[in-house]
Amino acid sequence: MLHLGLTGLTVGTPFFSYRGPGKTKSFLKLIGGEWAILDDQITFDELLTKFFSLSRNELYNQYNTKIIQGMVVKSEKHFEFCKNMVEQYS
């Protein structure tokens with residue numbers, strides 16, 4: 001779930017943790033996403049009122065987007081490093 005959520009965040013798509021593992025919850029806390037850790041007993045009406053009634057941008061902007069963008073930049077550097085290694089040694 002975390003990897004899919006990370007991928008979504010890179011394109012501005014928010015994600016929630018519902019009964020997710022500890023690493024997902026820890027990551028969400030790191031980016032200011034405590035609000036996206038759903039209570040195990042949440043009802044559909046609560047989901048509708050608290051989350052699904054908001055736009056994608058309204059939800060996404062509740063995270064600390066500066067932290068997310070910093071992670072994206074670091075990830076791109078890692079990709080370039082790997083790409084250069086493959087090109088150099090293949």
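The values are calculated or read from the model by the stated rules, or taken from the named source; none is laboratory data. None of the values given here were measured: they were computed from a predicted structure. Because the Cβ atoms are built from the backbone with ideal geometry, glycine has one as well, and the counts that use them run over all protein chains shown. These accessible areas exclude ligands, DNA and RNA; they are computed on the full protein's heavy atoms, side chains included. Shrake-Rupley method; radii C 1.70, N 1.55, O 1.52, S 1.80 Å.
Tabulated data for the structure shown
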quantity	calculated
Complete set of residues in segment 1-28 that are modelled with pLDDT of 90 or more, part of a loop (DSSP other than H, G, I, E, B) and buried (at least 16 other Cβ atoms within 10 Å of the Cβ)	PRO14, PHE15, PHE16
Scope segment 7-28; condition hydrophobic (A, V, I, L, M, F, W, C) and either in contact (Cβ under 8 Å) with a residue 40 or more places away in the chain or on the phi > 0 side of the Ramachandran plot (or both); matching residues	LEU9
Subset of segment 72-90 (residues that are of a type in the set (Asp, Glu) and either open to solvent by 100 Å² or more (accessible area, probe 1.4 Å) or touching a helix residue (DSSP H, G or I) at 6+ places or on another chain (Cβ under 9 Å) (or both))	GLU76, GLU87
Tally, over segment 29-71, of residues that are touching a residue at least 24 places away in the same chain (Cβ under 8 Å), hydrophobic (A, V, I, L, M, F, W, C) and open to solvent by less than 40 Å² (accessible area, probe 1.4 Å)	6
Residue list for segment 50-84, filter: closer than 17 Å to PRO14 by Cα, in a helix (DSSP H, G or I) and hydrophobic (A, V, I, L, M, F, W, C)	PHE51, PHE52, LEU59, ILE67, ILE68, MET71, VAL72
Matching residues, segment 35-65, being touching a Leu at 6+ places or on another chain (Cβ under 7 Å) and within 18 Å of LEU4 (Cα to Cα)	ALA36, ILE37
